[in-house]
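K.L.:
My questions all concern the structure below.
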Amino acid sequence: MVDFGGWDMPVAYGSQIDEHHAVRRAAGVFDVSHMCILDLSGSRTRELLSRLLANDVARLRVAGKALYSCLLNEQAGVIDDLIVYFLADDHYRLVVNAGTRDKDLAWIGAHAERVDVKLLERRDLAMLAVQGPQARAQTAALLSAQAAEAALMVQPFYSAQLGDWMLARTGYTGEDGFEIMLPAGEAGGFWQRLNAAGVRSCGLGARDTLRLEAGLNLYGNDMDEQTHPLESGLGWTVAFEPAQRDFIGREALQGIRIRGSTHKLVGLLLDERAVLREHQRVLVANVGEGVVTSGSFSPTLGRSIGLARVPAATADAVQVEVRGRLLNARVVRPPFVRHGQPMVEL
């Protein structure tokens, strides 16, 4: 067990490698109840989120649709990354990171108060993520016939309300599956039913290697308040159009966009036997230096992979300093793995 955002979390329930492979090949379940669920309601909620988020909530036109976005400060630093769900014209749900809970609540709450939007932290809800090629079918088999039919109709990056459960399809592993927000008192029983159906319990270790293979950022590693989306591989999450939408951080980000970002986030594939870890130096010949932001051994590829923030002029080869040795690494475009298949040339 380790402390994670103030929660006691298991690194693994058994073998971390076996848990990783279970998600890539069949199905695994993660307890992600440490994630902070926030409900925003009121007639000016869309207006508020249009100001707070770098992505454009106006894209959410169908109930249940989800959107990934960054929450920026005035300097375009990333306060947090989150998912927002459109539930109704006056009701949205945010899922934010556990480690940023306090500052998110303070930041969002201060802005919400100014426009008379109600902010409610849903501490009554737990959250389970069931991921893997068999995850949807195995989850649906445990639901009532009506709920199962509705669950299997949910499209990627949508959600559905099933009574007092909310089921979404917005994963963090590079595999298909569901995230289920349900009354906290019901989570343990459903977890046990999933286990009995063959879905493996998985901890933080497998969650990290899976998300890294999928090329997904981790807040605090790959972006934070000292970095902006354009140097964090998140330019695609910023909606500069319509031009009149004045989101927080827009002016600073537009300036960076015009000047050109000095750094970028890339994928690294280590050519030698060693393991990439965060904070390792990345040397780019005749260009400068960068740093590994996330790194690990990839169980699927059998190689060490990582994300690194490097000078914008970096091409296709770098060296990484690992325990005093300079090792060769290839620059690749994430994801490394999607739906169990390698996406990079080994």
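The values are calculated or read from the model by the stated rules, or taken from the named source; none is laboratory data. Note that this is a predicted model, so its numbers are computed, not measured. Counting neighbours? That spans all protein chains shown, and the Cβs are built from the backbone with ideal geometry, glycine included. Ligands, DNA and RNA are stripped out before the accessible areas are found, and what is left, the full protein with its side chains, is counted by its heavy atoms. Shrake-Rupley method; radii C 1.70, N 1.55, O 1.52, S 1.80 Å.
K.L.:
Of everything in the stretch 81-138 that's of a type in the set (Lys, Arg) and more than 27 Å from Gln226 (Cβ to Cβ), which residue is nearest to the chain's Cα centre (by Cα)? It would help to see each step written out before you state the result.
P.N.:
Here is the first cut: in the stretch 81-138, the residues of a type in the set (Lys, Arg) are 93, 101, 103, 114, 118, 122-123, 136.
Retained after the next criterion (residues that are more than 27 Å from Gln226 (Cβ to Cβ)): 93, 118, 122-123, 136.
Working: Arg93: 16, Lys118: 25, Arg122: 20, Arg123: 20, Arg136: 19 Å.
So the residue we want is Arg93.
K.L.:
Now, a different point. Please name all residue pairs, on different chains or six or more residues apart, with Cβ atoms under 7 Å, provided the first residue is in the stretch 191-202 and is part of a loop (DSSP other than H, G, I, E, B) and the second residue is modelled with pLDDT of 95 or more and surrounded by 15 or more Cβ atoms within 10 Å (Cβ to Cβ).
P.N.:
Pairs found: Ala197/Gln138; Ala197/Leu142; Gly198/Gln138; Val199/Ala27; Val199/Gly28; Val199/Val29; Val199/Val130; Val199/Gln138.
K.L.:
Considering only the stretch 51-71, state which residues are within 16 Å of the chain's Cα centre (by Cα) and open to solvent by less than 10 Å² (accessible area, probe 1.4 Å). If you could, list the steps in order and put the result at the bottom.
P.N.:
So the first thing to find is which residues in the stretch 51-71 are within 16 Å of the chain's Cα centre (by Cα), and the list is 53-55, 66-71.
Once the filter is applied, which keeps residues that are within 16 Å of the chain's Cα centre (by Cα) and open to solvent by less than 10 Å² (accessible area, probe 1.4 Å), the stretch 51-71 yields Leu53, Ala54, Asn55, Ala66, Ser69, Cys70, Leu71.
K.L.:
Just a yes or no: is a residue in the stretch 265-274 in contact with a Leu (Cβ under 8 Å, 6 or more places away or on another chain) and of a type in the set (D, E, K, R)?
P.N.:
We begin by selecting, within the stretch 265-274, every residue in contact with a Leu (Cβ under 8 Å, 6 or more places away or on another chain); these are 265-272, 274.
Right, trim to of a type in the set (D, E, K, R) and you get 271-272.
Yes.
K.L.:
Look through Thr300, Thr314 and report the one residue that is touching a residue at least 60 places away in the same chain (Cβ under 8 Å) and open to solvent by less than 70 Å² (accessible area, probe 1.4 Å). Reasoning before the result, please.
P.N.:
Numbers: Thr314 fails: touching a residue at least 60 places away in the same chain (Cβ under 8 Å).
Of Thr300, Thr314, the one residue that is touching a residue at least 60 places away in the same chain (Cβ under 8 Å) and open to solvent by less than 70 Å² (accessible area, probe 1.4 Å) is Thr300.
K.L.:
In the stretch 243-272, what residues are surrounded by fewer than 17 Cβ atoms within 10 Å (Cβ to Cβ), more than 19 Å from Gln75 (Cβ to Cβ) and touching a residue at least 12 places away in the same chain (Cβ under 8 Å)?
P.N.:
If the condition is that a residue be surrounded by fewer than 17 Cβ atoms within 10 Å (Cβ to Cβ), more than 19 Å from Gln75 (Cβ to Cβ) and touching a residue at least 12 places away in the same chain (Cβ under 8 Å), then Asp271, Glu272 are the ones that fit.
K.L.:
How many residues, within the stretch 15-47, are assigned to a strand (DSSP E or B) and touching a Gly at 6+ places or on another chain (Cβ under 7 Å)?
P.N.:
Residues of the stretch 15-47 assigned to a strand (DSSP E or B): 28-31, 36-41.
Those left that are additionally touching a Gly at 6+ places or on another chain (Cβ under 7 Å): 28.
Selection size over the stretch 15-47: 1.
K.L.:
Okay, moving on. Conditions first: (1) within 30 Å of Arg25 (Cβ to Cβ); (2) under 26 Å from the mean Cα position of the chain (by Cα); (3) not hydrophobic (A, V, I, L, M, F, W, C). Ser144 passes all but one, so which condition is the exception?
P.N.:
(2)
K.L.:
Under the condition of being of a type in the set (A, V, I, L, M) and in a loop (DSSP other than H, G, I, E, B), which residue from the stretch 144-190 is surrounded by the most Cβ atoms within 10 Å (Cβ to Cβ)?
P.N.:
Applying the first criterion (of a type in the set (A, V, I, L, M)) to the stretch 144-190 yields 145, 147-148, 150-154, 160, 162, 166-168, 180-182, 184, 187.
Subsequent filtering for residues that are in a loop (DSSP other than H, G, I, E, B) retains 153-154.
Values: Met153: 9, Val154: 18.
Selected residue: Val154.
K.L.:
What is the one condition in (1) part of a strand (DSSP E or B); (2) open to solvent by less than 70 Å² (accessible area, probe 1.4 Å) that Ala112 does not satisfy?
P.N.:
Going through the list (1) part of a strand (DSSP E or B); (2) open to solvent by less than 70 Å² (accessible area, probe 1.4 Å), Ala112 breaks only (1).
K.L.:
Scan the stretch 323-346 residue by residue and report those that are over 24 Å from the mean Cα position of the chain (by Cα), open to solvent by less than 20 Å² (accessible area, probe 1.4 Å) and either within 11 Å of Gly306 (Cα to Cα) or not aliphatic (A, V, I, L, M) (or both). Write out each step before concluding.
P.N.:
Within the stretch 323-346, the first condition is being over 24 Å from the mean Cα position of the chain (by Cα), and the residues that meet it are 323-330, 345-346.
Then drop every residue that is not open to solvent by less than 20 Å² (accessible area, probe 1.4 Å), which leaves 327, 329.
Ala329, the sole residue that qualifies.
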